[in-house]
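Some notes on the structure that comes next.
The values are calculated or read from the model by the stated rules, or taken from the named source; none is laboratory data. Predicted model only: the values in this text are computed from it and were never measured. Heads up, the Cβs are rebuilt from the backbone with ideal geometry, glycines too, and the neighbour counts pull from every protein chain shown. Each accessible area value is taken on the protein alone, full model and side chains, heavy atoms only, with ligands, DNA and RNA left out. Shrake-Rupley method; radii C 1.70, N 1.55, O 1.52, S 1.80 Å.
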Amino acid sequence: MADVFADLVGQDEAVATLRRAAASAAALLRASAGPETRVADGPAGPDGPEEAGGPGAGMTHAWIFTGPPGSGRSVAARAFAAALQCAHGTGCGACPGCHTTLAGTHADVRLVVPEGLSIGVGEMRALVLRAASTPSGGRWQVVIISDADRLTEAAGNALLKAIEEPPPRTVFLLCAPSTHPDDVSVTIRSRCRIVPLRQPSADAVAEVLVRRDGIAPDTADWAAAAAQGHVGRARRLARDPEARQRRDAVLAVPRRLTGVGAAFDAAAALIEAAEAEAAASVAELDEAERAALQTALGAGGTGRGATAAMRGSAGQLKDLEKRQKSRATRAQRDALDRALVDLAGFYRDALASALRAPVAPVHTDTAALAEAGAQRWAAEGALRRLEAVLECRVAIEANVKPRIAVEAMMLALWKG
Ligand SMILES: [Zn+2]
């Protein structure tokens, strides 16, 4: 059976680093009968001085996985967590430690996935507190923070304190797009070892879709190219007809831009599609949470105690609604961003065609359309349009209202 690193597509260097670290961590546990069991303090160099140091020198207690979305940051973090919990210390993929970690049920592995726009300080404090306890499985307490760039400042400070004075058996695995100070504070970064992940090639993504997911090679090739190195997106495109329909609608935009009115219509359609996609993705979870809370609060009681409880539960319901609203906003932004990435791919294809660049198109199914655009717009026009899409992404990230940013983009795409 494949080991826990098998799904890390096209990341040989990172995998080698993580294998070394897992071996060091296992050696450290074996040596823990001895007097010194603490993980080496502070980050070692990227090559790790484990040859020179004692057991555990290739291991450290805080890591940052960086790379573009879809490159597998959280996959890498989870695989490493599994290797740390592996009974054989290798990430064999077959033992209970590996299994439960990958399945998300290991008692000593906590995964933080921010559902809203940021991870708050309360959440972080509770997490840090629990992470300090002795690992119940006798190995490591692992905390994975899947979007460390979404930490609030206060949450970042709570995390920093834990990283600065780590409990002896606790390992923090942070995932972020980059180590730019906008994503991870300089002080946190200075305490962590960095594992950079690359955007995997379309070939590598297609290969894993065929091997792991049993997708037909033709479909896998198409989806891998269209997803632009994003493994999860490629799998969705290959498997989910609705995801394909949404992509088709986005790629129809350049054709539909025939005037000012059409540009505004296209903007409204894009926003509404993102809202609908987001609503569908959170609806089920919202309802399940609400039902669970109502059960926990004992809905339907009467009498004085029940009245007091009702007052308290109104507050809890309000909290839940606030969290759900924040999550919905995040989901909308993510959906819109995916659409913009698809659209950018189209204008990138047009630019490549205008320049006669010897590169494969992102969207093979609209390549002819992109070529027609290239003839009308020339390279400059294609580049201006590509820039308009990228500016729209930046504006939304900087909190410009999505509708305003998208309308401005559509007008720019129409006018050129
Ligand atoms: Zn194992």
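Scan segment 64-86 residue by residue and report those that are outside any loop (DSSP other than H, G, I, E, B) and either within 16 Å of the ligand (Cβ to nearest atom) or open to solvent by 10 Å² or more (accessible area, probe 1.4 Å) (or both). Steps first, answer last, please.
Kept after step one, since they are outside any loop (DSSP other than H, G, I, E, B), are these residues of segment 64-86: 64-66, 73-85.
Hits for segment 64-86 are Thr66, Arg73, Ser74, Val75, Arg78, Ala79, Phe80, Ala81, Ala82, Ala83, Leu84, Gln85.
Identify the single condition in (1) touching a helix residue (DSSP H, G or I) at 6+ places or on another chain (Cβ under 9 Å); (2) more than 17 Å from Ala335 (Cα to Cα) that Ala368 does not satisfy, given that it satisfies every other one.
Going through (1) touching a helix residue (DSSP H, G or I) at 6+ places or on another chain (Cβ under 9 Å); (2) more than 17 Å from Ala335 (Cα to Cα) one by one, Ala368 breaks only (1).
Restricting the search to segment 87-132, which residues are within 16 Å of the ligand (Cβ to nearest atom) and of a type in the set (Ser, Thr, Tyr)? Explain how you work it out, then say what you get.
So in segment 87-132, the residues within 16 Å of the ligand (Cβ to nearest atom) come out as 87-109.
Matches in segment 87-132: Thr90, Thr100, Thr101, Thr105.
Inside segment 207-230, can you point out the residues that are touching a residue at least 24 places away in the same chain (Cβ under 8 Å) and closer than 15 Å to Gly72 by Cβ? First the steps, then the outcome.
Of segment 207-230, the ones touching a residue at least 24 places away in the same chain (Cβ under 8 Å) are 207-209, 212-213, 215, 222, 225-230.
Selection gives Glu207, Val208, Leu209, Arg212, Asp213, Ala227, Gln228, Gly229, His230.
In this structure, is Gly91 under 24 Å from the mean Cα position of the chain (by Cα) and modelled with pLDDT of 75 or more? Step through it out loud before you land on a result.
Details: under 24 Å from the mean Cα position of the chain (by Cα): yes; modelled with pLDDT of 75 or more: yes.
The answer is yes for Gly91.
I want to confirm something. Restricting to segment 272-291 and keeping residues that are of a type in the set (Asp, Glu) and open to solvent by less than 70 Å² (accessible area, probe 1.4 Å), which single residue is farthest from Lys325 (Cα to Cα)?
Residues of segment 272-291 of a type in the set (Asp, Glu): 272, 275, 277, 284, 286-287, 289.
Then keep just the ones that are open to solvent by less than 70 Å² (accessible area, probe 1.4 Å); that gives 277, 286, 289.
Numbers: Glu277: 15, Asp286: 9, Glu289: 13 Å.
The residue in question is Glu277.
Which numbered condition in (1) within 30 Å of Gln11 (Cβ to Cβ); (2) over 19 Å from the mean Cα position of the chain (by Cα); (3) in contact (Cβ under 8 Å) with a residue 12 or more places away in the chain is the only one that Leu237 fails?
(2)
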